[in-house]
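The values are calculated or read from the model by the stated rules, or taken from the named source; none is laboratory data. Fair warning: this is a prediction, and the values are worked out from it, not measured in the lab. Quick reminder, even Gly has a Cβ in these numbers, built from the backbone with ideal geometry, and neighbours come from all protein chains shown.
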Amino acid sequence: AAVEETFVNRNPTSTLKLGTARGVVLLVPALRGLPVAEYGANHIKKSVVGVGHADKTQVQMMVRVLLPGIAIANADAGDALAVAICHAHHRQTGAAVARQAAARSTARAAGR
């Protein structure tokens, strides 16, 4: 599971509502034993678009390029898909690094 890190909000009512929703979003995977990754907005944009300060239009366009044929209901749905794409990229990269490290360790143990 993955979520976007929250940003500081000046409106206390909005902050409280966001915190409540965020608590539920983090609780549900935790109850199932699933780790939750958090990514900053600029990190997500850089992962999807290639530029950390991309605007929403650019992010939406790249989501459509990366997921052809997908129907994006609204901007929030597009943002959620961008978080998922970012998370998938990081999981793949992490798995590749782990495989390489294991291969090096095995090679050293074999005396190569």
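Could you figure out which of (1) of a type in the set (A, V, I, L, M, F, W, C); (2) assigned to a helix (DSSP H, G or I); (3) over 15 Å from the mean Cα position of the chain (by Cα) isn't true of Ile72?
(2)
State all residues of the range 59-81 that are of a type in the set (D, E, K, R) and either loosely packed, with under 15 Cβ neighbours inside 10 Å or without any contact (Cβ under 8 Å) to a residue 60 or more places away in the chain (or both); if no residue qualifies, say none. Write out each step before concluding.
So the first thing to find is which residues in the range 59-81 are of a type in the set (D, E, K, R), and the list is 64, 76, 79.
The answer is Arg64, Asp76.
Quick one: is Thr57 more than 18 Å from Ile85 (Cβ to Cβ) and out of contact with any helix residue (DSSP H, G or I) (no Cβ under 9 Å at 6 or more places or on another chain)? Even if it seems obvious, please write down each step before you answer.
Details: more than 18 Å from Ile85 (Cβ to Cβ): no; out of contact with any helix residue (DSSP H, G or I) (no Cβ under 9 Å at 6 or more places or on another chain): yes.
So Thr57 fails the test.
Could you list, in sequence order, all residues of the range 6-19 that are closer than 22 Å to Gly78 by Cβ and surrounded by 13 or more Cβ atoms within 10 Å (Cβ to Cβ)? Let's see the steps before the verdict.
Step one: list which residues in the range 6-19 are closer than 22 Å to Gly78 by Cβ, which gives 6-7, 9, 14, 17-18.
Selection gives Thr6, Asn9, Leu18.
Working only within the range 46-58, note down all residues that are in a helix (DSSP H, G or I) and either basic (Lys, Arg) or surrounded by fewer than 16 Cβ atoms within 10 Å (Cβ to Cβ) (or both).
Initial filter on the range 46-58 (in a helix (DSSP H, G or I)): 46-48, 56-58.
Lys46, Lys56, Thr57, Gln58 - these are the residues of the range 46-58 that are in a helix (DSSP H, G or I) and either basic (Lys, Arg) or surrounded by fewer than 16 Cβ atoms within 10 Å (Cβ to Cβ) (or both).
If you check Gly78 against the conditions, is it under 13 Å from the mean Cα position of the chain (by Cα) and farther than 14 Å from Ala2 by Cβ? Step through it out loud before you land on a result.
Values: under 13 Å from the mean Cα position of the chain (by Cα): yes; farther than 14 Å from Ala2 by Cβ: yes.
It is true that Gly78 is under 13 Å from the mean Cα position of the chain (by Cα) and farther than 14 Å from Ala2 by Cβ.
Quick one: which residue in Arg32, Arg99, Arg91, Arg22 is loosely packed, with under 13 Cβ neighbours inside 10 Å, in contact with a strand residue (DSSP E or B) (Cβ under 9 Å, 6 or more places away or on another chain) and of a type outside the set (Val, Ile, Thr)?
Checking each option against the conditions leaves just Arg91.
Would you confirm whether any residue within the range 38-45 is surrounded by fewer than 10 Cβ atoms within 10 Å (Cβ to Cβ), out of contact with any Pro (no Cβ under 6 Å at 6 or more places or on another chain), at pLDDT 90 or above and not in a loop (DSSP other than H, G, I, E, B)?
Keep residues of the range 38-45 that are surrounded by fewer than 10 Cβ atoms within 10 Å (Cβ to Cβ), which gives none.
Among the residues of the range 38-45, not one is surrounded by fewer than 10 Cβ atoms within 10 Å (Cβ to Cβ), out of contact with any Pro (no Cβ under 6 Å at 6 or more places or on another chain), at pLDDT 90 or above and not in a loop (DSSP other than H, G, I, E, B), which makes the answer no.
Only residues in the range 38-58 that are farther than 22 Å from Arg91 by Cβ and free of Cβ contacts under 8 Å to residues at least 40 places away in the same chain count as the first member; pair them with residues that are buried (at least 16 other Cβ atoms within 10 Å of the Cβ) and not charged (D, E, K, R), Cβ under 8 angstrom, at least 6 apart or cross-chain, and list the lot.
Lys56/Gly78; Gln58/Val49
Condition test on Val8, is it over 13 Å from the mean Cα position of the chain (by Cα), among the β-branched types (Val, Ile, Thr) and assigned to a helix (DSSP H, G or I)? Show your work before the answer.
Details: over 13 Å from the mean Cα position of the chain (by Cα): yes; among the β-branched types (Val, Ile, Thr): yes; assigned to a helix (DSSP H, G or I): no.
No.
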